[in-house]
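Trainee: Mind having a look at this structure? Questions to follow.
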Amino acid sequence: IEIFSLHVDCKVTSRFAHTVITSKIVNRANESREATFEVELPKTAFITNFSMSIDGKVYAGIIKEKASAQKEYDTAVSRGQSAGLIRITGRKLEQFHVSVSIAAASKVTFELQYEELLKRRLGKFELLIKVRPKQLVKHFQIDVHVFEPQGIRFLETDSTFMTNELTEALTKVQNETKAHILFKPTVDQQKINPELDETLLNGDFVVRYDVKRGATAGDIQIVNGYFVHYFAPHEMPVFPKNVIFVIDRSGSMAGRKIEQTRDALLKILQDLRPEDHFSFITFNSKVAEWKSSLLQATAENVASAAGFVQTLSASGGTDINRALLTAVSVLDKAERLPERSVSMIILLTDGQPTSGESNVEAIQENIQKAVNGKYALFCLGFGFDVSYKFLEKMALSNGGIARRIYENADAALQLQGFYQEVATPILMKIEMQYPENAIEGLTKNNFKLFFEGSEIIVAGKISNELDLLPVEIKAQSHVSNLTLKEEANVKEKEQVFQNQSYIFGNFIERLWAYLTIQQLLEKSISAHEEDKKTLEAQALELSLRYSFVTPLTSMVVTKPTGQQQMELANKPTEAG
């Protein structure tokens, strides 16, 4: 079985990435063989299309509601359960894997398409392409086009497998608003050494970039009556933070995990700003406060905290409920905190609640009641013994986010990376306002906090014949209350994309659908039963209308007669 060609073709238009992977495989044997198409794609992406064409006949995947697809599958395949076509393979990736048997001297062409909205983290957008053909490929290429009307501020490529020879196969052409990256290594360049038919191509190929920003109320783009509004202020004064680290030191944290936690906390302590206040609560079946109140991050207090962190050891049970309630009460009682400041609780745990209150619903309720919208709660789940669903619901119900920390050598770096993302809050209570009677289907437009290096995105449909789209942003900064105003000329904005030949036409509409589905699914995590059903129904309707494989839909892949006729592609979630 020979992979004759493998093309990754990616167009990024104003952060929205549309990727097509095409693989042509030939059976050189004189009997039928199994041809496999295996691709890793970002977890944040939605698959939109898949097809196999075998000797001119096309077998296309069909996206359906999950339950009805499952029913159809169960009827067709009465015995022998297949594992499904998609599984999570790492912290950023999931794998799509399909095999089909092809006759001697036959060819098959696989084509997979997926889309995602690139998210700005620490001042950069990142497009990740996983490369792992497992054999030398005669025609291999990665072709990336980026178009950012705001202008490209910087752009870099990075790869985990580059050699000097391979660098020669990489070209990058860039102007004010566009970039084209082509990576096209010959078979010789792909080889680990000239004697062996082994490939170097195994790892990540990454494009990182950021856009230029004026000091205004963000940037608005409009195509076919849909708008997207990007807002990422910078160089603003940072809010002082009041942070409580709630650290699990139960028995399961013993050994490497607690060591990595200590390493990360020591680094994080160094990153605190002098005007920040902080404290630690550690817990197993007992809850221990390092100090009874928050301390200012003076050099002396940070040094004393570092001494404490170095003594952390692990044993015993897990009382998450009492640990979090203690953290909330420390913030509630705190005095002399900076008037305009941001209070947050960062929980790190690796297991289920086993001591004290162990019913997760009761814990969620207790915490939400206690926090009562005053503080942001971030939940970090270390490894795979945690109930991620529980942590995610708790974080989202309390204005924060959850993140899984993978038990790898770089766990300390993952923890630090997370802290850096929330270390610099520069705006709070952000309201993005648009004319009410003129916009439909507006995505989330109120945000509790904005962190330096991230980006706020709002999209919607301009309902009537508007000539000007006025926007107003209200927010609190460390020094004042802000009101920013901007007017977008609809006709002018539509012009920007008119002459871009390689841009897919309705991309802002698809971006709007992608963002709406993501937000509906996120909202449904912390919603009550009734609301959950409504939110999921809306997300399902959009997933089907725009043909996205989301956690609510499945793609049914049919194969030629005589093989297991049908397989399902279901999107896995972090919560399993």
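Trainee: How far apart, in nm, are two points set 7 Å out from the Cα along the Cα-to-Cβ line at Q270 and at E300?
Mentor: That separation, rounded to one decimal, is 2.3 nm.
Trainee: 7 Å from Cα along Cα→Cβ at both Q563 and R33: what's the point-to-point distance in nm?
Mentor: 1.4
Trainee: Expressed as a whole percentage, what fraction of the accessible surface of the range 179-305 belongs to carbon and sulfur atoms when a 1.4 Å probe is rolled over the protein heavy atoms?
Mentor: C and S atoms contribute 49 percent here.
Trainee: At a Förster distance of 35 Å, what's the computed FRET efficiency of K389 paired with F154, Cβ-Cβ distance as r, to 0.05?
Mentor: Result of the calculation: an efficiency of 0.35.
Trainee: Can you give the translational diffusion coefficient of the range 164-274 in µm²/s, computed by Stokes-Einstein from the Kirkwood radius over Cα pairs at 4 °C and 1.567 mPa s?
Mentor: Reported coefficient: 62 µm²/s.
Trainee: Viscosity 1.306 mPa s, temperature 10 °C: give me the Stokes-Einstein translational D for the range 343-494 in µm²/s, with Rh taken as the Kirkwood radius over C-alpha pairs.
Mentor: Translational diffusion coefficient: 87 µm²/s.
Trainee: If you take the beta carbon distance between E530 and K291 as r and set R0 to 41 Å, what does 1/(1 + (r/R0)^6) give as a FRET efficiency, to the nearest 0.05?
Mentor: 0.40
Trainee: Compute the FRET efficiency between H139 and T573 as 1/(1 + (r/R0)^6), taking r as their Cβ-Cβ distance and R0 = 35 Å, and round to the nearest 0.05.
Mentor: The pair H139/T573 has a calculated efficiency of 0.50.
Trainee: Any chance you could list P(r) for the range 201-335, counting all Cα-Cα pairs in 5 angstrom bins from zero, rounded to whole %?
Mentor: Over the range 201-335, the share of Cα pairs per 5 Å bin runs 2, 8, 14, 14, 13, 10, 8, 10, 10, 6, 3, 1, 0 percent.
Trainee: Measuring with a 1.4 Å probe in the full set of protein chains, what accessible area per residue, in whole Å², belongs to the range 352-407?
Mentor: 43
Trainee: On to the next question. Per the Cauchy relation, a quarter of the hull surface: what is the mean projected area of the convex hull of the alpha carbons in the range 57-172, in nm²?
Mentor: One quarter of the hull surface, i.e. the mean projection, equals 12.2 nm².
Trainee: Loop only by DSSP, 15 or fewer other Cβ within 10 Å of the Cβ. Give me the GluC sites (Glu not before Pro) in the range 276-341 that pass, ordered by residue number.
Mentor: For GluC sites (Glu not before Pro) across the range 276-341 that sit outside H, G, I, E and B with at most 15 neighbouring Cβ atoms in 10 Å, the list reads E335, E339.
Trainee: To the nearest 500 deg cm²/dmol, what mean residue ellipticity at 222 nm is calculated for the chain from DSSP H runs of n ≥ 4 alone, each contributing -39,500 (n - 2.57), summed and divided by the residues?
Mentor: -7500 deg cm²/dmol
Trainee: Oh, and also: Compare the Cα positions of S355, S250, Y388 along the charge dipole of the range 241-423 (+1 at Cβ of Lys, Arg; -1 at Cβ of Asp, Glu; about the Cα centre) and return the one farthest towards the positive end.
Mentor: S355
Trainee: Between T216 and N193, what is the label-to-label distance in nm when each label sits 7 Å out along the Cα-to-Cβ direction?
Mentor: 5.9
Trainee: Would you please calculate the Kirkwood hydrodynamic radius of the range 424-502 over all C-alpha pairs and express it in Å, rounded to one decimal?
Mentor: Evaluated on the range 424-502, it is 14.3 Å.
Trainee: In the chain, if the dipole is taken from +1 on Lys/Arg beta carbons and -1 on Asp/Glu beta carbons about the Cα centre, which of I268, F161, S68 is farthest to the positive end?
Mentor: Among I268, F161, S68, the one farthest towards the positive end of the dipole of the chain is S68.
Trainee: Next question. What's the extension gain from A60 to K92 if we count 0.36 nm per residue and subtract their Cα-Cα distance?
Mentor: 8.8 nm
Trainee: Quick one: dipole size for the range 241-423, taken about the Cα centre, charges +1 on Lys/Arg Cβ and -1 on Asp/Glu Cβ, in debye to the nearest 20.
Mentor: Rounded to the nearest 20 debye, it is 120 debye.
Trainee: Once the range 288-351 is represented by equal point scatterers at the alpha-carbon sites, with solvent omitted, what log10 I(q)/I(0) does the Debye formula produce at q = 0.13, 0.20, 0.29 Å⁻¹?
Mentor: Here log10 of I(q) over I(0) equals -0.45, -1.04, -1.41.
Trainee: While we're on this one: Would you work out which of S554, A217, F140 lies farthest towards the positive end of the dipole of the chain? Charges go on Cβ: Lys and Arg +1, Asp and Glu -1.
Mentor: Farthest along the dipole direction, towards plus: S554.
Trainee: Here is a further query. What would the Debye equation give as log₁₀ I(q)/I(0) for the range 241-423 at q = 0.19 Å⁻¹, counting only Cα atoms as equal point scatterers?
Mentor: Here the Debye-derived log intensity ratios amount to -1.39.
Trainee: Here is a further query. Could you list, in their original order, any pairs among K374/K485; K92/K429; K11/K212; K485/K523; K138/K178; K257/K571 whose Cα atoms are separated by more than 24 Å?
Mentor: K374/K485; K92/K429; K485/K523; K138/K178; K257/K571
Trainee: Taking just the C-alpha trace of the range 5-106, give me its Rg and Dmax in Å.
Mentor: 15.9, 48
Trainee: Turning to a different aspect of this structure: Quick one: which of 302-314, 268-280 comes out on top by average Cβ neighbours within 10 Å, and what's the full order, highest first?
Mentor: 268-280, 302-314
Trainee: Taking the Cα centre of each part, how many Å lie between the range 190-229 and the range 81-117?
Mentor: Cα centroid of the range 190-229 versus Cα centroid of the range 81-117: 22 Å apart.
Trainee: Net charge around A104, counting only other residues with Cβ within less than 10 Å of its Cβ (Lys, Arg = +1; Asp, Glu = -1)?
Mentor: +1
Trainee: Sum up the charges of everything whose Cβ sits under 11 Å from the Cβ of R91, counting Lys and Arg as +1 and Asp and Glu as -1, but leave R91 out.
Mentor: Residues near R91 contribute 0 overall.
Trainee: Another question about this same structure. Scale the Cα Rg of the chain by the rule-of-thumb value 2.2 N^0.38 Å and send over the ratio, two decimals.
Mentor: Relative to the 2.2 N^0.38 Å estimate, the chain comes out at 1.04.
Trainee: Summing Lys, Arg as +1 and Asp, Glu as -1, what charge do residues with Cβ under 12 Å from the Cβ of R153 carry, R153 excluded?
Mentor: Net charge in that neighbourhood comes out at +1.
Trainee: Based on the mean of other beta carbon atoms within 10 Å per residue, what is the order of 57-68, 231-242, most packed first?
Mentor: 231-242, 57-68
The values are calculated or read from the model by the stated rules, or taken from the named source; none is laboratory data. Just so you know, these numbers come straight off a predicted model, no measurement behind them. Here the Cβ is made from the backbone with ideal geometry for all residues, glycine too, and neighbour counts use every protein chain on show. For accessibility, only protein heavy atoms count, side chains too; no ligands or nucleic acids. Shrake-Rupley method; radii C 1.70, N 1.55, O 1.52, S 1.80 Å.
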